[in-house]
1. Does Ala138 count as modelled with pLDDT of 80 or more, in contact with an Asp or Glu (Cβ under 9 Å, 6 or more places away or on another chain), surrounded by 13 or more Cβ atoms within 10 Å (Cβ to Cβ) and within 16 Å of Val167 (Cβ to Cβ)?
2. For residues that are closer than 14 Å to Val82 by Cα and polar (S, T, N, Q), scanning just the range 122-159, find the one that is farthest from the chain's Cα centre (by Cα).
3. Just to check your reading of the model, which residue among Thr95, Thr162, Thr168, Thr111 is under 25 Å from Lys80 (Cβ atoms) and at pLDDT below 80?
4. Does Lys127 count as surrounded by 15 or more Cβ atoms within 10 Å (Cβ to Cβ) and over 18 Å from Ser92 (Cβ atoms)?
Amino acid sequence: MSNENKTEETTEAVEETIEQTTETIEQGVETVEKSSGVASILALKDDKPAVFYGAIAGVVAVALLILGSGSDIKQHKRAKLVIGQSYTVQSSNSTGKDAVTPIVKVPGSVTAYDRNDDDSATVCLAKDGTRAKVNNFADAFGKKDLFVEVSIESSGDCEGKTGWLLVTNLS
């Protein structure tokens with residue numbers, strides 16, 4: 001009988017441990033439910049619907065404000081150029097009375113913008129306000145009609161010369 005007593009004692013001990021574990025788990029679930037943000041939000045929805053829906057409206061308003069705010073970046077407006085028409089050379093990167101735009105020999109010639117004393121890529125430097133007639137267009141760097149071939153109609157050293165410049169430099 002001693003084996004039966006030990007078995008009963010063991011069974012009782014296991015059952016008691018199971019009951020304690022079950023109680024602990026139930027207490028943990030209750031604690032999580034009480035401390036859960038979702039539960040408190042849902043309780044707010046039931047208890048104070050005006051506050052609940054007001055909070056949602058506030059979050060939506062802030063999101064719209066952030067998404068709707070534009071940037072201060074201004075892009076240069078590109079004129080619709082027509083071959084044979086005359087336009088004004090306007091430096092898009094410089095301002096002031098001494099601003100010049102390089103007229104280059106080859107479309108896409110970036111070295112012309114890093115000028116030095118021995119600059120063989122530049123035809124001439126056109127001052128802002130110089131009149132130029134559009135002769136042709138060239139694609140470059142994956143952009144259609146990025147460069148325009150012009151004949152300079154007036155402006156000191158550039159008068160009568162032909163070369164290329166960015167379309168953004170004509171207005």
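1. On the way: modelled with pLDDT of 80 or more: yes; in contact with an Asp or Glu (Cβ under 9 Å, 6 or more places away or on another chain): yes; surrounded by 13 or more Cβ atoms within 10 Å (Cβ to Cβ): yes; within 16 Å of Val167 (Cβ to Cβ): yes.
So Ala138 passes the test.
2. Ser151
3. The match here is Thr95.
4. Criteria not met by Lys127.
The values are calculated or read from the model by the stated rules, or taken from the named source; none is laboratory data. Source: prediction; values computed, not measured. When we count neighbours, we look across all protein chains shown, and the Cβ atoms used for this are built from the backbone with ideal geometry, even at glycine.
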